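**Q** My questions all concern the structure below.
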Amino acid sequence: MGKRTTQQARGKGSMTFRVRPKAYIYRISYPNLNVCGLAKINRLFNSSAHSSPLIEIEISNDTTKNQKNRFIIPAAEGIYEGQEVYIGKRPDNASPKIGDILRIKDINVGAKVFNIELVPGKGGKLMRAGGSSAIISANDNGNVELQIKRRKIKLNENCRAIIGTAAGNGRLIKPLVKAGKHFYIMKAIGRKWHRTSAVKRNAVDHPFGSGRGKRIKSKIAKRNAPPGARVGHIRPRKTGRKKI
């Protein structure tokens with residue numbers, strides 16, 4: 001009888017492969033698209049599931065203290081508790097400050113932004129890790145072009161982003177020193193560590209496994225292969241020489 005490979009066991013889900021539920025208790029989101037005005041940073045705190053510290057923002061013009069008018073986003077580098085930020089364009093077209101939340105069409109070319117929406121109103125999806133940011137490179141025809149390292153993407157001009165760089169940039173400077181510390185870091189975010197090379201495993205654990213045949217050959221997996229068996233190259237649609 002066969003045995004589930006590691007990929008299949010993780011995909012099925014069990015107590016062996018499970019992240020701590022309390023690590024993901026905070027949901028990162030933006031307020032509604034029509035919300036604008038002054039807001040205040042209530043608290044600055046850490047989260048086990050995020051590499052950047054988080055902040056809770058309360059919209060200042062809310063008199064009912066409704067929980068819906070408080071939201072959590074990644075912190076910008078250089079902000080502090082009690083600081084006031086602005087959602088939307090500032091009055092009299094004043095220059096935005098670090099921590100302000102704007103539509104990307106209202107941000108000047110060359111500015112650094114993070115926690116960027118892919119679809120207006122769906123919340124930040126890009127550049128949320130500590131120390132990450134993108135640069136506004138162009139703005140025309142209803143689309144805004146952003147440069148992320150060496151690649152460029154175009155997004156709807158009404159997508160929102162935060163001015164500045166995500167906090168937590170120096171988290172990788174301090175060395176881990178020992179493997180045990182790395183183990184607990186990966187365990188907190190539900191990652192399997194360390195990774196064992198496929199060819200070093202037993203034959204029952206991976207299609208590339210067993211010590212026999214050290215001359216490794218490329219494998220072409222079926223397109224409909226189940227998770228765990230779909231390893232190596234994906235089967236091409238056509239084979240052979242291309243006819244002109």
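**Q** Please go through the residue pairs Lys122/Lys154; Lys112/Lys192; Lys12/Lys192; Lys112/Lys149; Lys149/Lys238; Lys125/Lys152 and name each one whose alpha carbons sit more than 23 Å apart in this structure.
**A** Lys112/Lys192; Lys149/Lys238
**Q** Just name one of Ile87, Phe183, Gly142: the one whose Cα is farthest towards the positive end of the charge dipole of the chain (beta-carbon charges, Lys/Arg +1, Asp/Glu -1).
**A** Phe183
**Q** Right, here's the next one. Hey, for a label at Asn139 modelled as a point 7 Å past Cα toward Cβ, could you say which residues of the range 71-115 have their backbone N under 14 Å away?
**A** Within reach of a label on Asn139: 88-90, 93-97, 101-113.
**Q** Rank Ile28, Val113, Phe71 by how far each Cα sits towards the positive end of the charge dipole of the range 12-162 (+1 on Lys, Arg Cβ; -1 on Asp, Glu Cβ) and give me just the farthest.
**A** Ile28
**Q** About its Cα centre, how strong a charge dipole does the chain have in debye, to the nearest 20, once Lys and Arg get +1 and Asp and Glu get -1 at the Cβ?
**A** Computed about the Cα centre, the dipole is about 2900 debye.
**Q** Could I ask something else about it? Using Cβ contacts closer than 10 Å as the measure, can you line up Glu84, Glu157 from fewest to most?
**A** Fewest-to-most Cβ neighbours within 10 Å comes out as Glu84, Glu157.
**Q** Which one of Leu44, Leu126, Leu176 has the biggest mean-square fluctuation once the chain is modelled by GNM with Cα springs under 10 Å?
**A** Leu176
**Q** Which of the following values of Rg and Dmax of the Cα atoms in Å was calculated from the structure shown: [x] 23.4, 73; [y] 23.9, 82; [z] 18.1, 56?
**A** Answer label, from the structure shown: [x].
**Q** Compute the helix-to-body angle for 179-188: its Cα long axis versus the longest principal axis of the chain, expressed 0 to 90° and rounded to tens.
**A** Computed tilt is about 70 degrees.
**Q** Scan around Gly124 for amide H atoms under 5 Å from its own, H built in the peptide plane at 1.01 Å from N, and keep only partners 5 or more places away or cross-chain.
**A** Excluding prolines and chain starts, which carry no amide H, the hits are Tyr30.
**Q** What is the order of Arg237, Arg90, Arg191, fewest Cβ neighbours within 10 Å to most?
**A** Going from least to most buried by this count: Arg237, Arg191, Arg90.
**Q** Now, a different point. Along the Cα→Cβ direction, 7 angstrom out, place labels at Ala221 and Ala188. What is the inter-label distance in nm?
**A** Distance between label points: 3.1 nm.
**Q** Considering amide H positions built from the backbone, and no H for Pro or chain starts, which residues 5 or more places from Ser52, or on another chain, come under 5 Å of its amide H?
**A** Result for Ser52 returns Gly130.
Values quoted throughout were computed directly from the atomic coordinates according to the rules given, and no laboratory measurement underlies them. If you're wondering where the values come from, they're calculated on a predicted model, not measured in any experiment. Don't worry about glycine lacking a Cβ; one is built from the backbone with ideal geometry, like all the others, and counts go over all protein chains shown.
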